[in-house]
Amino acid sequence: MNTNQQRGFFFNVDWIMVFIYLALCTIGWLNIHSAAFDEKHPYFMDTATNYGKQFLYIMVGILVGIIILLLETRFFSTLAPVFYGITMLLLMAVLVVGRNVGGNQAWISLGGGFRLQPSEFAKFSTCLLLARYLSGTNVRVAETKSFLIAASIIVFPMFLIMLQPDAGSTLVFSTLLFVLYREGVSPYFLILEGLFITLFVLTLKLNNLTFIVGGLILLAALIILLFRRNRKLIRVIMLGLAICVAFVFSVKFIYTSILKPHQKVRIDIVLGITKDIKGKGYNVNQSKIAIGSGKMWGRGYMQGTQTKYSFVPEQSTDFIFCTVGEEWGFAGSIVVLGLYLFLVLRIIRIAERQRSPFSRIYAYGVASVIFFHVIINIGMTIGVVPSIGIPLPLISYGGSSLLSFTIMIFVLIKLDSNRMGMIYA
Amino acid sequence: MNKFFERRYVIAGIFITLIFILLARLFYIQIIDDRYLLYAQDNVLRRVYTNPARGPITDRNKKALVQNEPFYDIWVTPKEVKPFDTLEFCRLLSITKDDFNKQFTKAVKYSRNLASIFEKQLSPQVYAAFQERLSEFPGFYSEVRYLRTYPDSVAAQFLGFIGEVTDNDIKRSGKYYRAGDYIGVTGVEKSYEDALRGQHGVQNLMVDSRGRQKGSYANGAYDTAAVAGERLISSLDIRIQKLGEQLMKNKVGSIVAIEPSTGEILCYVSSPTYNPNLMVGRQRGNNAAELYKSPYKPFFIRPIQAYYPPGSSFKPLSALIALQEGIITPQTSYYCPGYYWAGNHKIKCFHNEAHGNVNLTSAVAASCNGYFSMVFEKLMNYYGVKNTATTFTNWRNNVTKFGLGSRLGLDMPSEGKGNVPTTAHYDKIYHPGGWRSSTVISLAIGQGELLATPLQLANIECTIANHGFYYKPHLIKAIGEKEIIKPEYRVKNYVGIDSLYFEPLIDGMQAVVERGTAVLSKIPGVVMCGKTGTAQNNHGEDHSVFVAFAPRENPKIAIAVIVENSGEGAHWAAPIASFIVEKYLKDSITTRESGITPEQFINANRLPDLGNYSIKGKVKPTPKDTLKKLKTDSSNKKARINTPVKRNKKATPVKLVAALLERKDDEH
C-alpha cells in the first residue's frame, strides 16, 4: 500500500459506479421525455417540461457529485450528526409549512416551481448517522443498549414521515435492518421480518385468525419436537411464537381499525382480495397493461400508446417503469433491473473492501435503500406489492429524489476512493 | 473485515432472489401473457362506424317507393359550450327551455368531454334555419342521417318498416349490428335485410385516456368506407297499387294481382292501410301506438295473413280436378232444379234459381252449386262409398298442388298457410269411416273448412291462365345494379292438370264476365275471364270475392279481390278487379256499359260495423249444435296470431258439419 503517491481529484474513483449512475440517469431522462412529451416543447432540454427539468437536475447532480469528490472524506463522518439534525428539523418543519400534494404533506416550496422533499434526504442522513454510530469503538449492535440506540436512529425519521403521512417513504427505513444484520444483529430479526411479511399476507388473505394461529402453534411444536435437546432454542421459539401471534392480531386490528380506506384498498388489490379496475385498481391495472403490452422488444421509443395517451397516471414519477416496460419491452426490463442488481451487488463488493467500518456500514445502508426502492417501485407497477408511492432511484422524475440518490452514491464513491487512506471514525 | 463477513452472501442472496422474482413476473406478463397487448389496443383504439345508406326500393318501372332523405341530428360536447342565447336556440329548434335543460343535463351527466346527441332528426327545413346560426352556439354541431321516406305513401304492408336493433338482433347477427343501428322489422325491409343494409364503414381512431380523439390509427390503413345497400326493384306497378289502395279505401279486404308469365306480383293491397311515412321520424312511437290500437288492424297483412273461404271462386279448381280424374267431361250435363240433395241435406243454388240443363261451361258461368256438388259427390264416391277417406286424400293432394294449404314461399315474412282439411280432421270429429261425401259436400263450393289467402287465390288464377303451371309469386323482381333475379323464380310449378282441360273451363269463366254473374264488370275491348264468389262467414255479411285473369289470349294479369262483409262478389270485388285490370292493361279507365265508375267505389264506405267486427279472444270451444256458421275470415286469423295455433286447433275441434247441415248453402 502506497499512501504517498500523487493523488488527483479522481484518484481511485470507482468508474463502474459512475458509469451505472450515468446510465440510469440517462434511461430516466429518455423515458421521462417519452412519458411527459409535450408537442409544444419537443426539445429535450426545454425547462418548461419535466424532461427539461430532469436534465437540469442531472446536471446539478453531476455538479454536486464533483463537489462531493472534492471534499475531505472525514467531512461526512464528522458532520453526520449535523446532517441528521438538519433533515430531522426539515421533517418537522414540513409538517408545519409544507405543501400538501396528493394527500401527503411532504414538500417544502422553494419558489420558482421547485420543491424540496426532506424525506428523500433523511434517508441519506440516517444512513450516515447509523454508520457513524455503529462504527464507534465500543458499540456492539448485538447488545441491547446499542441495538436500541441504532434502532431509534432509524425509527425517529420514520415516525416524523408517518405524520405526513407518507407510508412509502416510512417503509423505506425498515430496509436498514439489512445493515444491522450485517453488523451482527441476530438473524432471528431477519427471519422474523420474513415471517411477518408472510403472516401479514396470510392474515389478510385468509381472513381466518384461528386457522393461522393454530398453524403457528403447530409449527412451533414441530420445531421444538425436532430440537428438544436445545433448551435455548425452545425459549427462542416460544418467544417467536408469542411475537407472531401478537403480530397476527395486531395486523388484523390495524387493518380493520387503523388503516385508512384508500390504504386498505391498495393492499386489497395487491393481495387479490378485490378487483376494482375502474376505480382504485385503475392505476395498477393500466400500469400492468402498459408493461405487458411491451412484449419482448417493446413498442418503440415514443410509440407506447398507454404512455402517449396518458392511460397510466403519474407516469414520469412513480410509474416511470411502465414506460420502460411498454416502449422497451422485456429487453428493457432486463437492462434496467440488471443495472440495479449490478449496482447493489457492486456496492456490497465496495462495502466489503473498506477498511473503515464507517464506510462499510454506510455502503450497506445505500445498497439497502436503493434495493428497497427498486423492489417496491417495480413490484408496484406490476402489481406484486401494494402501490405505495416511492420513486425509482435515478430514473423517476423528481429533483429531491435524484439529488438525494446522487449524494448517497457519490459520498459512497468518495469514501471508497479513500479506502486505502486513514480511518477517521 | 469482521466475523460477520459471510453475512454479505446472505444479503446478496436476498437481493438477487427478489430481483429475479420481479424478472420472472415481468417475463410472465410481458412474454407469456398475451392479453395485455389486446387490452392496450382496446384502450386506445376506437372504431367509429359510418352508416351505409340503406338500399332504395322502386316499383317495376323504376319509380321510387322508398328513398333516403337527409335528416339532421344535433350533438353537443358540454365542455366546449360557451354562454349563448338559449332562448333563440330553443326557438330555432322549437323546443322549450325545460327540454333544453333536461337534454343538456343529460349530456353533461354522460360526459363533459364526449359528444352526446342533443336533438334528433331535424327536418331539412328546421335545420336550414338552425345551420345559419350554428356558429353562435359553440359546442353544438350537426350530423346528417338518412331516413326512409315514401314519396307516394303506398304499399305500407309490402314495404314494412325499420326499427332500432334489439340486443337479440345484435347477438344473432354475429357483430354486424351495433346498438342504435336500424334493421328491417316487417315486410320487404325484413325479408331483404341482407341486401338492403349494405356495409358499415369503419374508421380506426386513437383516443387518449379521456376519450379525446388523437388522430387515426396507422394512418387509416385499416379504415373502410361504407358500402350502400343494394337497390331493389319490386314487381309492383305503382299505378295500380295506388288505384287499388284508393278503391279499397274505407273497406276491409285485399287485392293481389300477379303477372302469370313471371309470378311477379303487380298489386298488393291490404286494407285498411296506413301511411308508411308515419313509421319514420320523431313521431314514430306515437303513430305506431295509434295504429296498433285501431280495431281494423292496419298492420295485419291481409294478402298473406288473412284466411277466407274461397267460396265459388274455388269452383274452377273443383272442375279441373274432376276433369283430370276423368269423372266428368266438358260435355257431362246435369239438370239443375235449383237445389241439390246430398244425402239428406239440400244445397240450394243462389236465390234458388233453377239453371236447368247445364254442362261445365254453363255451370261455371251460372255458378251452379248443384252441378259442382254433383261433381264432387261423383268424385268422392268414385272408388266406392267405403273408400271415401282414400279418395278424399287423393282429392286433397290435387288441391294442394295448386298451392292451397301451404305457404307459397312468398319473399315476405309471416305468410300464412290457409287450410285444406285432412282426413284426420274428419276422423277426429266423426269416427274413422263415419263420414261420407255428403258430410263434406260444402268443400265442393269452396266453403267448409277450406281457407285460402288472397295470394293463394290469385296464384290459382295464374295457374289457370298458364294452363297448368305457375311461377312462384314474388314481390322483388330484381336485386342490385345487376338486376339479379333469383333462379327459383324461373321454375315452372306444374299442378298436375293437363292443359287441354283448361279451355272449356276458361270458356265458362269468360262467360261469367261476358254474360254471367260479373257482367257489370265487363271491360270494353278486353276479354277478362273471372269467377265471382260470396264467402259466408260468421262476422256479419258475406265477403265479396272475385278472381280473374285477362286478357284471355296471352294473359297479362291474374287477380284476386276480397272485400270483407260486402255481400255478393259481383257487386264489390268484381268491379274493383275490373278497374285494376283495365288500368294495368290500358293505363286508363273507359266508360262502362253498366255505368259504374271508380269514384263510386273509392267513395263507398264498407267498413264493417265494429260491434260485429271486434275480435275478442275469439275461439272458445262452442257446443257443436250452436255452431251455425263457419268462423272464417281475416279476423279469425288474427285470433290465431294471438293464441298459439295448436291449442287453438284443439280448442275448436269443430266448426263443422253438424252446423253445415243447417246451413243455407246458396252460392253463386
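The values are calculated or read from the model by the stated rules, or taken from the named source; none is laboratory data. Just so you know, these numbers come straight off a predicted model, no measurement behind them. As a convention, Cβ positions derive from the backbone with ideal geometry for all residues, glycine included, and neighbour counts pool all protein chains shown.
What the table below lists for this structure:
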item	result
Subset of the range A:216-247 [exposed (fewer than 14 other Cβ atoms within 10 Å of the Cβ), small (G, A, S) and more than 24 Å from A:S174 (Cβ to Cβ)]	A:A221
Qualifying positions in the range B:28-58 - under 30 Å from B:D237 (Cα atoms) and either within 9 Å of another protein chain (Cβ to nearest Cβ) or among the hydroxyl-bearing types (S, T, Y) (or both)	B:T58
Scope the range A:346-369; condition in a loop (DSSP other than H, G, I, E, B) and more than 9 Å from chain B (Cβ to nearest Cβ); matching residues	A:R353, A:Q354, A:S356
Residue selected from the range B:32-51 under the condition touching a Gly at 6+ places or on another chain (Cβ under 9 Å) and free of Cβ contacts under 8 Å to residues at least 12 places away in the same chain, by the criterion surrounded by the fewest Cβ atoms within 10 Å (Cβ to Cβ)	B:D34
Test: B:L475 is more than 30 Å from B:R231 (Cβ to Cβ), buried (at least 17 other Cβ atoms within 10 Å of the Cβ) and touching a residue at least 40 places away in the same chain (Cβ under 8 Å)	no
Single residue of the range B:447-468 satisfying the filter (assigned to a loop (DSSP other than H, G, I, E, B) and polar (S, T, N, Q)) that is surrounded by the fewest Cβ atoms within 10 Å (Cβ to Cβ)	B:N466
Helices (runs of 4 or more DSSP H) wholly inside the range A:123-209 that include at least 3 residues being not assigned by TED's automatic domain parsing to the domain that holds A:G379	A:187-206
Test: residue in the range B:377-396 that is out of contact with any helix residue (DSSP H, G or I) (no Cβ under 7 Å at 6 or more places or on another chain) and β-branched (V, I, T)	yes
Some residue of the range B:575-592 being outside any helix (DSSP H, G or I) and surrounded by 20 or more Cβ atoms within 10 Å (Cβ to Cβ)	no
Scan of the range B:10-27 for residues that are at the interface with chain A (Cβ under 9 Å from one of its Cβ atoms) and not hydrophobic (A, V, I, L, M, F, W, C), ordered by number	B:R25
Test result for B:S438, in contact with a Ser or Thr (Cβ under 8 Å, 6 or more places away or on another chain) and either over 18 Å from B:I347 (Cβ atoms) or in the same structural domain as B:A535 (by TED's automatic domain parsing) (or both)	no
Any hit, the range B:416-435, residues being charged (D, E, K, R) and buried (at least 19 other Cβ atoms within 10 Å of the Cβ)	no
Residue that is closer than 20 Å to A:N418 by Cα and either in contact (Cβ under 8 Å) with a residue 12 or more places away in the chain or in a helix (DSSP H, G or I) (or both), where the choices are A:L56, A:L95, A:L69, A:L90	A:L69
Residue match in the range A:76-94 (condition: buried (at least 21 other Cβ atoms within 10 Å of the Cβ), assigned by TED's automatic domain parsing to the domain that holds A:A367 and of a type in the set (V, I, T))	yes
Any hit, the range A:289-297, residues being touching a Leu at 6+ places or on another chain (Cβ under 6 Å) and either surrounded by fewer than 23 Cβ atoms within 10 Å (Cβ to Cβ) or within 8 Å of chain B (Cβ to nearest Cβ) (or both)	yes
Filtered residues of the range A:181-201 (kept if free of Cβ contacts under 8 Å to residues at least 40 places away in the same chain, more than 10 Å from every other protein chain (Cβ to nearest Cβ) and buried (at least 17 other Cβ atoms within 10 Å of the Cβ))	none
Failed criterion for B:T400 (all others in (1) under 30 Å from B:Y268 (Cα atoms); (2) not assigned by TED's automatic domain parsing to the domain that holds B:H467 hold)	(2)
Yes/no for A:M408 being more than 30 Å from A:K264 (Cα to Cα) and surrounded by 21 or more Cβ atoms within 10 Å (Cβ to Cβ)	yes
Test: residue in the range A:47-55 that is surrounded by fewer than 15 Cβ atoms within 10 Å (Cβ to Cβ) and out of contact with any Pro (no Cβ under 9 Å at 6 or more places or on another chain)	yes
Residue in the range B:6-13 that is part of a helix (DSSP H, G or I), more than 45 Å from the chain's Cα centre (by Cα), more than 30 Å from A:W297 (Cα to Cα) and hydroxyl-bearing (S, T, Y) present	yes
Residue check for A:L339: free of Cβ contacts under 8 Å to residues at least 12 places away in the same chain, assigned to a helix (DSSP H, G or I), within 18 Å of the chain's Cα centre (by Cα) and within 11 Å of chain B (Cβ to nearest Cβ)	no
Matching entry among B:L26, B:L93 (being under 46 Å from the mean Cα position of the chain (by Cα) and without any contact (Cβ under 8 Å) to a residue 60 or more places away in the chain)	B:L93
Selected residue (criterion: nearest to A:L394 (Cα to Cα)) from residues of the range A:298-318 that are of a type in the set (G, A, S) and more than 7 Å from chain B (Cβ to nearest Cβ)	A:S316
Some residue of the range A:371-388 being more than 14 Å from chain B (Cβ to nearest Cβ), assigned to a loop (DSSP other than H, G, I, E, B), over 21 Å from A:V179 (Cα atoms) and not hydrophobic (A, V, I, L, M, F, W, C)	yes
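To keep it simple, each residue is scored yes or no on (1) out of contact with any Pro (no Cβ under 9 Å at 6 or more places or on another chain); (2) modelled with pLDDT of 85 or more; (3) of a type in the set (S, T, Y).
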| residue | (1), (2), (3) |
| --- | --- |
| B:F15 | yes, yes, no |
| B:G55 | yes, yes, no |
| B:T58 | yes, yes, yes |
| B:F71 | no, no, no |
| B:W75 | yes, no, no |
